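Heads up: the structure comes next, in structure tokens.
The values are calculated or read from the model by the stated rules, or taken from the named source; none is laboratory data. Given the structure is predicted, the values throughout are model-derived calculations rather than measurements. Note: ideal-geometry Cβ built from the backbone for every residue, glycine included; neighbour counts use all protein chains shown. SASA here: full protein model, heavy atoms, side chains in, ligands and nucleic acids out. Shrake-Rupley method; radii C 1.70, N 1.55, O 1.52, S 1.80 Å.
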Amino acid sequence: QVQLVESGGALVQAGGSLRLSCAASGRTFSTHAMGWFRQAPGKEREFVAAISWSGGTLNYADSVKGRFTISRDNVKNTVYLQMNSLKPEDTAVYYCAAFSGPYWYSASSPGSWGQGTQVTVSS
């Protein structure tokens, strides 16, 4: 099982940018698709973005397309989420996730979760 630790969450003004990082332990990181999810207060956890094992396939929620970019470094065992043009509705706890297979599908369920990092966007 992959162990995940997120970092990079902060308080930022609307229109600003943040980059989240997720450091993974384990030798199998490069074989897993990875993803980011978020959960706002009083709402269910929702999918944000996913990246295939090689980084060649990217998927995004409609709400973040064109503003967020997911990437990975398989040498550093790290996945990133670059967030630009942030909006107050992006405020949430952001979670890193590892999927069991090399690609993400809409029905995929993560096998591992990080502890989450708080992103707050002020208006």
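Numerical summary
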{"quantity": "Test item: Cα-centred dipole of the chain, Lys/Arg +1 and Asp/Glu -1 on Cβ, debye", "calculated": "180"}
{"quantity": "Residue-level accessible surface for THR120, protein heavy atoms, 1.4 Å, Å²", "calculated": "50"}
{"quantity": "Distance (nanometres) between label positions extended 7 Å along Cα→Cβ at SER122 and GLU44", "calculated": "3.3"}
{"quantity": "Given 13 as the ceiling on other Cβ atoms within 10 Å, longest exposed-site-free region of the chain for trypsin sites (Lys or Arg not before Pro) in DSSP loops", "calculated": "77-123"}
{"quantity": "Alpha-carbon centroids, the range 1-31 and the range 57-95: separation in whole Å", "calculated": "9"}
